[in-house]
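Take a look at the structure set out below.
Just so you know, all these numbers are worked out from the coordinates, no wet-lab data involved. Being a predicted model, the structure only gives us computed values, none of them experimental. No Cβ is skipped: glycine too gets one built from the backbone with ideal geometry, and neighbour counts run over all protein chains shown.
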Amino acid sequence: PATATPIDTTIHRRKTRPVPVGNVTIGGGNPVVVQSMINEDTLDIEGSVAAIRRLHEIGCEIVRVTVPSMAHAKALAEIKEKLAQTYQVVPLVADVHHNGMKIALEVAKHVDKVRINPGLYVFEKPKTDRTEYSQAEFDEIGEKIAETLKPLVVTLRDRGKAMRIGVNHGSLAERMLFTYGDTPEGMVESALEFIRICESLDFRNLVISLKASRVPVMLAAYRLMVRRMDELGMDYPLHLGVTEAGDGEYGRIKSTAGIGTLLADGIGDTIRVSLTEAPEKEIPVCYSILQALGLRKTMVEYVACPSCGRTLFNLEEVLHKVREATNHLTGLDIAVMGCIVNGPGEMADADYGYVGKQPGYISLYRGREEIRRVPEADGVAELIALIKADDRWVDPE
Ligand code: SF4
């Protein structure tokens, strides 16, 4: 009935603390941040600067770089400097893939955030009998980790920088694996252990990730993390991703299934789509996920019917033409419908509608109002004229 209370369709995002990463802030109600990672060797300064710039120019707001050695850490200082001189300041994250603290400490001077993987802070001797760790053994190793991590935490804290505690399902430390199994619980406990170490040193500029290549595992891990954080009164932002998602259509769908599902529940403050393709290919996927969920609007939203026997023009061709002419406009919704049989409501309240009316003619709509009927050949030009008349047009760059 018309009097029923309308259902709230907005996504209510989980409240998180703001974590500054250079000139971008993750969490704290800020728009979900898009990030990616270059795959150049960090020692190739020119190549890395160009790759970071390429990514940043197309909307990658934070760029990650791998740092496998001290030489790479020093190279990153040059990269940062060169970017600032020749382009602009770009928030950079160093991926430190080991517990080599010297490297992490060096790199912490140059970047805005350091990503560590708790699974690589291993002090235990492998237990060949796979018996569980006793509490004493477990805690003793925990203390060693805290000792090792302390200088990095203190450096990041004192310099106002951030850390991502990036747990991966595929690389849990043995004692977590033997105690909690190869499970979301193991992933969450691993993250919590590192969070507690940071908190004991009064460092809270933390972002947490719990990636897995299997979507159900990743979903369960993030959801459990949120539950545990809520119980513990923690409000750290989450970095979402599906690791090793692969490439092509399935890689994109798999990433969307994982990332989109959590975002739809209000979980997630920054995302990375990991494709086995050039990193530039990841950025449009990120923005499309965010736009589809109404979390960020960075392009025109096209509403188009799938076409059927009633379609009065070549819908695919027309949609392509309309897109070509208008895809540089942001913030607009444009509907392209093969016929009006189901009424303007089918256009999902788009700002403009391009609708088949009778053979050879289309109708242009502003919202639900039919504005004019024009020959099909003039349809796109007339649509542009209408948008211009409404003062909502900008020329393409
Ligand atoms: Fe078919 Fe018309 Fe629906 Fe398009 S809008 S699918 S042409 S009935």
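Using a 10 angstrom cutoff on alpha carbons, build the Gaussian network for the chain and name the most mobile of Lys281, Lys144, Lys321.
It is Lys321.
Would you list Cys286, Cys308 from fewest to most Cβ contacts within 10 Å?
Cys308, Cys286
So how strong a dipole does the chain carry about its Cα centre when Lys and Arg Cβ are +1 and Asp and Glu Cβ are -1, to the nearest 20 debye?
Here the size comes out at about 460 debye.
Defining a contact as two alpha carbons under 8 Å apart and six or more residues distant in sequence, what relative contact order in percent does segment 152-221 show?
The value is 44 percent.
Based only on other Cβ atoms within 10 Å, what is the fewest-to-most ordering of His239, His56, His328?
Ascending number of Cβ neighbours within 10 Å: His328, His56, His239.
Of all DSSP beta bridges located in the chain, what percent are antiparallel, nearest 5?
Approximately 30 percent, going by the DSSP bridge assignments.
Kindly state, to the nearest 0.05, the FRET efficiency for Glu57 paired with Ser288, given R0 = 25 Å and r defined as their beta-carbon distance.
Efficiency for this residue pair is about 0.90.
To the nearest 10 degrees, how steep is helix 184-200 against the longest Cα principal axis of the chain, on a 0 to 90 scale?
Result, in degrees: 70.
Put +1 on the Cβ of every Lys and Arg and -1 on every Asp and Glu Cβ in the chain; which of Cys305, Ser213, Ala75 then has its Cα farthest towards the positive end of the dipole?
My answer, from the dipole projection, is Ala75.
Among DSSP beta bridges whose residues both lie in segment 301-389, state the antiparallel percentage, nearest 5.
That works out to approximately 60 percent antiparallel.
Using a Cα-Cα cut-off of under 18 Å, which aspartates and glutamates could be cross-linked to Lys211, ignoring same-chain neighbours fewer than 8 residues away?
Straight-line reach from Lys211, under 18 Å: Asp95, Glu174, Asp182, Glu185, Glu189, Glu193, Glu244, Asp247, Asp265, Asp269, Glu282.
Under the rule of at least 5 residues apart or a separate chain, name every residue whose amide H is placed under 5 Å from the amide H of Ile371.
Result for Ile371 returns Leu364, Tyr365, Arg366.
May I ask which residue of His110, Ser48, Ala173 lies farthest towards the positive end of the charge dipole of the chain, with charges of +1 (Lys, Arg) and -1 (Asp, Glu) on Cβ and the Cα centre as origin?
About the Cα centre, the residue reaching furthest to the positive side is His110.
How many percent of all Cα-Cα pairs in the chain sit more than 30 Å apart?
Above the 30 Å cut-off, the chain has 50 percent of its Cα pairs.
Using just the helices of the chain, give the 222 nm mean residue ellipticity in deg cm²/dmol: DSSP H runs with n ≥ 4 each add -39,500 (n - 2.57), and the total is spread over all residues, rounded to 500.
My calculation for the chain gives -12500 deg cm²/dmol from helical runs alone.
Beyond 25 Å between alpha-carbons counts as too far, so tell me which of Lys254/Lys281; Lys113/Lys281; Lys15/Lys82; Lys80/Lys281; Lys15/Lys74 fall in that bin.
Lys15/Lys82; Lys15/Lys74
Between His320, His110, His169, find the one with the highest GNM mean-square fluctuation for the chain; connect C-alpha pairs within less than 10 Å.
So, out of His320, His110, His169, the one fluctuating most is His320.
Return a whole-number percent for the relative contact order of the chain, with Cα pairs under 8 Å and 6 or more residues apart as the contact set.
Relative contact order comes out at 13 percent.
Relative contact order for segment 41-188: what percent, with Cα pairs under 8 Å and sequence separation of 6 or more?
Relative contact order comes out at 21 percent.
Against the longest alpha carbon principal axis of the chain, how many degrees, from 0 to 90 and to the nearest 10, is the axis of helix 135-158 turned?
For helix 135-158, the angle is close to 60 degrees.
Just rank Tyr121, Tyr133, Tyr222, fewest to most, by other beta-carbon atoms within 10 angstrom.
Going from sparsest to densest Cβ surroundings: Tyr133, Tyr121, Tyr222.
Can you give the angle from 0 to 90° between the axis of helix 282-292 and the longest principal axis of the chain, with both taken from C-alpha atoms, to the nearest 10?
So the inclination is approximately 60 degrees.
Determine the shape class of segment 301-389: with a ≥ b ≥ c the square roots of the Cα gyration tensor eigenvalues, call it rounded for a/c under 1.5, and otherwise prolate if a/b is greater than b/c, oblate otherwise.
rounded
Nearest 20 debye, what's the magnitude of the dipole of segment 255-397 about its Cα centre given +1 on Lys and Arg Cβ and -1 on Asp and Glu Cβ?
Taking the Cα centre of segment 255-397 as origin, the dipole is about 260 debye.
Quick one: length gained pulling Asp378 to Asp265 fully straight, 0.36 nm per residue minus the C-alpha distance?
Fully extending the segment from Asp378 to Asp265 adds 36.3 nm.
Rounded to the nearest 0.05, what FRET efficiency do Arg130 and Tyr87 give with R0 = 56 Å and r taken as the Cβ-Cβ distance? Could you check?
0.65
Go ahead and set up a Gaussian network model of the chain, Cα springs under 10 Å, then flag whichever of Ala377, Ala257, Ala212 fluctuates most.
It is Ala377.
What's the magnitude of the charge dipole for segment 58-199 around its Cα centre, counting Lys and Arg as +1 and Asp and Glu as -1 at the beta-carbon? Answer in Debye, nearest 20.
Taking the Cα centre of segment 58-199 as origin, the dipole is about 740 debye.
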